[in-house]
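The values are calculated or read from the model by the stated rules, or taken from the named source; none is laboratory data. All values derive from a computational prediction rather than experimental measurement. FYI the Cβ positions are ideal-geometry reconstructions off the backbone, even for glycines, and counts take in every protein chain you see. Accessible surface areas use protein heavy atoms only, side chains included; no ligands, DNA or RNA. Shrake-Rupley method; radii C 1.70, N 1.55, O 1.52, S 1.80 Å.
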Amino acid sequence: MSWRDYWNSDTPIYVNDRHKAVHYARIANDLLALALAPGRDARLLDYGCGEALSADRVAASIGQLYLCDGAPLVRQRLAARF
């Protein structure tokens, strides 16, 4: 199984939905800490973004946010949400 095959399915890495939400919120906090240093006009590429559950918060705080993921299922879910 390749890494793309693994991430192209529902993965068992989270204990529950809260665990997943906290994980993505933490990533968003880290991204914002990096992106806001250059200013609100920052452009950020989140490569391997996964479900990017807090991407809306990041996007609202910077100039542009690009989400990129190699797994087709993840891309479909992102396209449906955004």
Discussion item. Considering only protein heavy atoms and a probe of 1.4 Å, how much of the accessible area of the stretch 1-41 is carbon and sulfur, as a whole percent?
Written reply: 55 percent
Item to complete: Only Cα pairs under 8 Å and at least 6 apart count here; give the relative contact order of the chain as a rounded whole percent.
Response: 33 percent
Response to the item:
Each label sits 7 Å from Cα toward the beta-carbon; between Trp3 and Tyr66 the label points are separated, in nm, by 1.9 nm
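Can you tell me the dipole magnitude for the chain around its Cα centre, using point charges on the Cβ only (Lys, Arg +1; Asp, Glu -1), in Debye to the nearest 20?
Once rounded to the nearest 20, the dipole reads 120 debye.
How much length is gained if the chain between Leu34 and Asp56 is pulled fully straight, taking 0.36 nm per residue apart and subtracting their Cα-Cα distance, in nm to one decimal?
Result for the pair: 6.3 nm of gain on full extension.
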Discussion item. Could you work out [θ]222 nm for the chain from helices alone, using -39500 (n - 2.57) per DSSP H run of at least four and dividing by all its residues? Round to the nearest 500 deg cm²/dmol.
Written reply: -15000 deg cm²/dmol
Item to complete: Bin width 10 Å, alpha-carbon pairs only: give the P(r) of the chain as whole percents, running from 0 to the bin holding the largest distance.
Response: 17, 48, 29, 6, 0
